[in-house]
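Asker: One structure, pasted below without further comment.
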Amino acid sequence: MNPFNPTFGDVPKIFLDRSKQLNTVIKSLEESVSPYQTTFVYGLRGSGKTTFLSDISNQMSKKDNWIVINLAVEEDLLITLVKLIYVRMSNKFRKIFDQLDWHFEAW
Ligand SMILES: Nc1ncnc2c1ncn2[C@@H]1O[C@H](COP(=O)(O)OP(=O)(O)O)[C@@H](O)[C@H]1O
Ligand SMILES: [Mg+2]
C-alpha cells in the first residue's frame, strides 16, 4: 500500500486527528526525564511523519525557552547543529558564550 498523495498544502479531505499523540510528545519533551525525549517516528511513505514532526517543531518554536533545530542527515551534522544553536540562542546566552575561553583540541 502506498498512501502517498501530495496535496501541495491543501487540507486533506480526511483529516486524521493526531492531537493526542502530538500532546504526548510535546508534554514529555518538557519533562526532565521521559522516554519521549528521544522519539523515533516511523511509518509508510505518506503516512504523515513529516507533518507530525513539523507540528511538533512549530509548537515547540513558540516556547521562549526552546531552540528548535531541524537537521537533515548530511555532512557536518554536528557543526551545523552547534552553529544553529549559536545563531538562535538568546543575546544573554550569546554574551556568556562569547566570553568563554575555548581550548579546542583537534578531533
Ligand atoms: N493527520 C493527517 N490527516 C490527513 N492527512 C494527513 C495528515 N498528516 C499528513 N497528511 C497528508 O498526508 C500526506 C503525506 O504526509 P507526510 O507528512 O509528507 O508523510 P510522510 O513524511 O510520512 O511521508 C500529505 O499530503 C499530508 O498533507
Ligand atoms: Mg516525510
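Residue-by-condition table, conditions (1) part of a helix (DSSP H, G or I); (2) open to solvent by 90 Å² or more (accessible area, probe 1.4 Å):
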residue: S57; (1), (2): yes, no
residue: K63; (1), (2): no, no
residue: L71; (1), (2): no, no
residue: E75; (1), (2): no, yes
residue: V82; (1), (2): yes, no
residue: V87; (1), (2): yes, yes
residue: K95; (1), (2): yes, yes
residue: E105; (1), (2): no, yes
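Asker: Identify, please: which residue in the stretch 32-84 is over 17 Å from L22 (Cβ atoms) and among the basic types (K, R) and is, among those, nearest to ligand 2 (Cβ to nearest atom)?
Answerer: Top of the filtered list is R45.
The values are calculated or read from the model by the stated rules, or taken from the named source; none is laboratory data. Computed from a predicted structure; not experimentally measured. Note that we place each Cβ from the backbone using ideal geometry, even for glycine, and neighbour counts take in every protein chain shown. Calculation scope for accessible area: heavy atoms of the full protein, side chains included, ligands and nucleic acids excluded. Shrake-Rupley method; radii C 1.70, N 1.55, O 1.52, S 1.80 Å.
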